[in-house]
Amino acid sequence: MVVAEVPKLASAAEYFFKMGVEGKRFRPTVLLLMATALNVRVPEPLHDGVEDALATELRTRQQCIAEITEMIHVASLLHDDVLDDADTRRGIGSLNFVMGNKLAVLAGDFLLSRACVALASLKNTEVVTLLATVVEHLVTGETMQMTTSSDQRCSMDYYMQKTYYKTASLISNSCKAIALLAGQTAEVAILAFDYGKNLGLAYQLIDDVLDFTGTSASLGKGSLSDIQHGIITAPILFAMEEFPQLRTVVEQGFEDSSNVDIALEYLGKSRGIQKTRELAVKHANLAAAAIDCLPENNDEDVRKSRRALLDLTHRVITRNK
Amino acid sequence: MLIYRGLSRISRISKKTSFGRRWLPSHPLLSGASHSAAAAAADSSVKVLGCREAYSWSLPALHGIRHQIHHQSSSVIELDPFSLVADELSILAKRLRSMVVAEVPKLASAAEYFFKMGVEGKRFRPTVLLLMATALNVRVPEPLHDGVEDALATELRTRQQCIAEITEMIHVASLLHDDVLDDADTRRGIGSLNFVMGNKLAVLAGDFLLSRACVALASLKNTEVVTLLATVVEHLVTGETMQMTTSSDQRCSMDYYMQKTYYKTASLISNSCKAIALLAGQTAEVAILAFDYGKNLGLAYQLIDDVLDFTGTSASLGKGSLSDIQHGIITAPILFAMEEFPQLRTVVEQGFEDSSNVDIALEYLGKSRGIQKTRELAVKHANLAAAAIDCLPENNDEDVRKSRRALLDLTHRVITRNK
């Protein structure tokens, strides 16, 4: 789908789909599991031909959602790297660093347009609206991150809203799209949405913690890239509630690395890390609850997928990288 | 705008007093026996002030009076095409302004850029689209008509205005992204801070506009239209990439150049014209005609643009901004000149960072028929655009005819403009 007429554009777009750098394809995994969990069975060749064909077609359309989601995600990564002047992404040189800013921007646009065309081909305007809104949310989230006032940077509400836009919106809305394509009721669609949203938020909160702790349990061993870029995340926000003096440091900014050390000190004294983990667990539980509320189903594949989705809510919390 | 409203009044009057097909059955003079006379005169047509033929039904006795009235109305009808849609354009502009400025304060400067771009070229694209909407028989709703019919017409018009807004957003987003600079450009003396902020703003603002366009597109609930305009984004990207990454052979190829020009300039207008037709519920054939009009108009526009880059407002060479050639972009006049003077290709391959090469190229260009051939090609495309309008299904509505004349007029302006 990312083959283009112009070779340079094709290699740019393919950059993050190369084997080995796909980033465990977390999102598509969730979406395919959700598709099965909502009782759309992977077609088996033994069944009646017609029923089979319909099931296959639906599955194909839902796979398409997964593909579209990846394209939108990668497009946003390509653009974010340009915005951040990033050198590396997923362990290799970022595209903009390797091929130039402009090509990275164009490649992102290209992926976005392909996503739009694929979306249109599904001929379901509600789904198109859902995923178009995601694109707007991604942009809004990135803009919120770049253009905060001092008050906003120190606000937990603002941070959670931004996190929803930047991280959770894509997964929540595509889960909902999966449900809609499967012809599920509005209630089930909302459950799918809730699962995606809470899973995404939990994921991001743990991400914030790991940026400080890395693979060890102790502070300061993580990459610290958020704070060094001046991005204030949940642990620091919680710490600021306990230690208002920390806010002064935050407002000074972190270009001076001694401020980073001061912030880490406060963070260590506070319950910032623990509170963030607790919040992540809360969201993971909400995600699990959404799965439990799905209509009963005795099909073994459906049950397996739902257990897998529940399992993900645990992994998201317990991972340490 | 006063003139526009005055026009509608006149056209309404002329409808009442003319003896066009619509009016025929109820007029006392035409009842009963006179019907045959009317039928006999059915084929007569009147050409007034060079306008396309008027009504084909006319009574000989009243012919003179009708001629007079029509003459009067047409002399006022010959207006600037841009004024025909000026009212609507202001509404569009206000909507766009509120959509762009409201959300993100920091993007205010990008929004200003957007409106500067809108003013430039007299908002060419939206003008074409609004004229096309009318030309395909979707009338700007008038308050006198039946409520339901009116509501439907208004809704359709709003949707077509939406296409014009989406088109502008996509266009400006692509301009903003095209402005993203690579490291090489910063070494030419652009301040590093501006470079960083400029890039970020350009990417973000472009993404913002694109996302707004996506949402607006989705709201139209027409998947064919979504596909058309999504394809446009893909074409814009492809065209810009083609321009950035050409091999030597490709740069000297007319085919490659025309393909790139279609992607970069004409695809947006052709596909949005087609979208207008589809929203209006027109047949596939009409949709293709709308597409052809947009495509050929766009190509003609770009070819003249290429010429003007060399000639500027004068007829002579080298008075234009020469920005294409200085950026190493080889356009139609040079490509034609290369066909006549193969030696020019060597100069082209050396590149134009050395400005003496620019002078050499201009010399060859002057000796060649490059400029003339480009103009001829532009005229050819303008004529194809006009032909597409002529092939549209007959329509007696005065607004429709006016719009079609305006669209034809644009095909002339595109060729004759000198800036």
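Numbers below:
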read-out	value
Per-residue Cβ neighbour rank within 10 angstrom, fewest leading, B:Phe291, A:Phe26	A:Phe26, B:Phe291
Cβ charges +1 (Lys, Arg) and -1 (Asp, Glu), total dipole of the stretch A:138-283, debye	400
Average other protein chain Cβ within 10 Å of Cβ, residues A:121-130	4
Least to most buried among A:Val209, A:Val128 (fewest other Cβ within 10 Å first)	A:Val209, A:Val128
Relative packing of peptides B:204-214, A:219-229 - highest average C-beta neighbours within 10 Å first	B:204-214, A:219-229
Phi-based couplings in Hz for the stretch B:340-349 (Karplus 6.51, -1.76, 1.60; Gly and Pro marked x)	7, 10, x, 4, 4, 4, 4, 4, 4, 5
Relative packing of peptides A:161-171, B:294-304 - highest average C-beta neighbours within 10 Å first	B:294-304, A:161-171
Partner chain coverage, peptide B:167-179 - average Cβ within 10 angstrom	1
10 Å Cβ neighbours from other chains, averaged over peptide A:137-146	4
Greater than 19 Å apart at Cα, pairs in A:Lys221/A:Lys269; A:Lys166/B:Lys200; A:Lys102/B:Lys274; A:Lys176/A:Lys321; B:Lys94/B:Lys264	A:Lys102/B:Lys274; A:Lys176/A:Lys321; B:Lys94/B:Lys264
Ratio of the Cα radius of gyration of the stretch A:154-202 to 2.2 N^0.38 Å, where N counts its residues	1.24
Neighbour-limited loop hits for GluC sites (Glu not before Pro), the stretch A:185-262 (at most 12 other Cβ within 10 Å; DSSP other than H, G, I, E, B)	A:Glu255
For A:Phe193, B:Phe82, order by how many other beta-carbon atoms lie within 10 Å, fewest first	B:Phe82, A:Phe193
Highest-first arrangement of B:155-165, A:55-65, where packing means the average Cβ count within 10 Å	B:155-165, A:55-65
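Values quoted throughout were computed directly from the atomic coordinates according to the rules given, and no laboratory measurement underlies them. Treat the numbers as computed from the prediction; the structure is a model and nothing was measured. For neighbour counting, all protein chains shown are included, and Cβ atoms are generated from backbone atoms with ideal geometry for every residue, glycine included.
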